[in-house]
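The values are calculated or read from the model by the stated rules, or taken from the named source; none is laboratory data. As the structure is a prediction and not an experimental result, all values here were calculated from the model. Cβ placement follows ideal geometry from the backbone for every residue including glycine, while neighbour counts extend to all protein chains displayed.
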Amino acid sequence: MRFTFVTLFKSLVEGYFSDSILSRAIDKDIIDVDYLNPRDYSQNKHQKVDDTAFGGGAGMVMYPQPLWDALEDLKKQNEDVYIIFLTPVAKQFVQNDAKRLSKKSHIAFVSGRYEGIDERIIENFADEVFSIGDYILTGGELPSLVMCDAISRNVDGVLGNSDSLSVESFESSLLEAPTFSKPQVYNEMEVPSEFLKGNHSKIRSLKLSLSESKTKFFRPKQLLKHKAEQRLS
């Protein structure tokens with residue numbers, strides 16, 4: 001699977017792929033990462049990519065020509081590229097999106113800067129538009145990385161043990177149960193005894209109870225959804 005980061009700041013992105021799971025996935029040719037800088041397409045002699053906004057307001061806007069030409073060139077190289085824009089004024093990215101998008105062969109993430117991107121570019125090129133949360137960042141690079149990481153984990157072969165996907169939070173209406181490791185006692189805090197006895201039925205029951213407790217505390221609406229699903233099953 002190929003990921004293209006359309007960004008003015010490649011250095012903010014590339015370091016993330018130098019270690020750990022995604023680095024190994026690149027080494028194994030499971031995923032591929034490349035970069036496209038709209039500034040390289042600017043017809044302005046100073047390679048300018050932003051200008052003032054019509055209608056007033058603070059800040060600058062990425063104006064159409066450089067980014068438009070960059071994305072047109074990208075589509076000429078691969079007409080099947082799936083182009084995603086990152087913006088706070090969009091639907092929120094969730095786990096089901098990560099699973100669905102992991103089936104694509106080539107995804108391009110377009111990272112805005114300044115006060116945003118001229119809307120005409122989004123209307124012409126966007127296959128989907130996503131937000132990662134109700135807050136404002138200085139650019140789209142971090143949301144792009146968040147999405148790339150979440151999508152990549154669902155690509156076959158990226159995780160060493162694919163079974164780990166099935167027990168994570170957001171694979172059901174419940175949040176994932178707490179996890180514990182050795183030692184059994186640390187700073188006078190003990191691992192729940194049922195985890196140590198090898199009775200898998202009781203362990204599953206305890207994990208379910210802990211999942212429900214955590215979901216009730218952090219995401220009460222999801223617990224109500226879970227209980228409704230249980231009544232229908």
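Within the range 164-177, is even one residue farther than 21 Å from Phe9 by Cα, in contact with a Leu (Cβ under 6 Å, 6 or more places away or on another chain) and either at pLDDT 90 or above or among the polar types (S, T, N, Q) (or both)? Give the derivation first.
Restricting attention to the range 164-177, the residues satisfying the condition of being farther than 21 Å from Phe9 by Cα are 164-177.
Then drop every residue that is not in contact with a Leu (Cβ under 6 Å, 6 or more places away or on another chain), which leaves 169, 177.
Subset that is either at pLDDT 90 or above or among the polar types (S, T, N, Q) (or both): 169, 177.
Yes.
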### Task
May I ask you to say which residue of Pro38, Pro64 is crowded, with 18+ Cβ neighbours inside 10 Å, within 28 Å of Leu101 (Cα to Cα) and touching a helix residue (DSSP H, G or I) at 6+ places or on another chain (Cβ under 8 Å)?
Pro38
### Query
Quick check: anything in the range 121-137 closer than 26 Å to Asn37 by Cα, free of Cβ contacts under 8 Å to residues at least 40 places away in the same chain and buried (at least 17 other Cβ atoms within 10 Å of the Cβ)?
yes
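Tell me, please, whether a residue that is at pLDDT 95 or above and either under 22 Å from the mean Cα position of the chain (by Cα) or in the same structural domain as Ile121 (by TED's automatic domain parsing) (or both) can be found in the range 46-55.
Applying the first criterion (at pLDDT 95 or above) to the range 46-55 yields none.
No - not one qualifying residue is present in the range 46-55.
Residues are listed down the side, and each one gets a yes or a no for (1) over 31 Å from the mean Cα position of the chain (by Cα); (2) under 20 Å from Gln95 (Cα atoms); (3) surrounded by 12 or more Cβ atoms within 10 Å (Cβ to Cβ):
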{"position": "Glu194", "(1), (2), (3)": "yes, no, yes"}
{"position": "Lys197", "(1), (2), (3)": "yes, no, no"}
{"position": "Ser213", "(1), (2), (3)": "no, no, yes"}
{"position": "Gln222", "(1), (2), (3)": "no, yes, yes"}
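Among the residues of the range 207-225, how many are part of a helix (DSSP H, G or I) and either touching a His at 6+ places or on another chain (Cβ under 7 Å) or in contact (Cβ under 8 Å) with a residue 24 or more places away in the chain (or both)? Lay out the reasoning, then the answer.
Quick first cut of the range 207-225, residues part of a helix (DSSP H, G or I) only: 207-218, 220-225.
Still in the list and also either touching a His at 6+ places or on another chain (Cβ under 7 Å) or in contact (Cβ under 8 Å) with a residue 24 or more places away in the chain (or both): 207-208, 210-212, 214-215, 218, 222-223, 225.
Going through the range 207-225 one residue at a time, the tally reaches 11.
Scan the range 91-125 for residues that are part of a loop (DSSP other than H, G, I, E, B) and out of contact with any Asp or Glu (no Cβ under 8 Å at 6 or more places or on another chain) and report the count. Steps first, answer last, please.
From the range 91-125, those part of a loop (DSSP other than H, G, I, E, B) are 93-94, 102-105, 112-116, 118; that's our starting set.
After this cut, where a residue has to be out of contact with any Asp or Glu (no Cβ under 8 Å at 6 or more places or on another chain) as well, the list is 93-94, 102-104, 112, 115-116, 118.
Summing the residues that are part of a loop (DSSP other than H, G, I, E, B) and out of contact with any Asp or Glu (no Cβ under 8 Å at 6 or more places or on another chain) in the range 91-125 gives 9.
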## Note on the structure
Residues in the range 88-108 that are buried (at least 18 other Cβ atoms within 10 Å of the Cβ) and closer than 18 Å to Val61 by Cα total 0
## Note on the structure
Heads up, the helices (runs of 4 or more DSSP H) in the range 1-90 (entirely inside) with at least 3 residues that are in contact (Cβ under 8 Å) with a residue 40 or more places away in the chain and more than 20 Å from Val129 (Cα to Cα) are 20-27
### Summary
Quick count over the range 197-213, residues being farther than 15 Å from Phe180 by Cα and charged (D, E, K, R), is 2
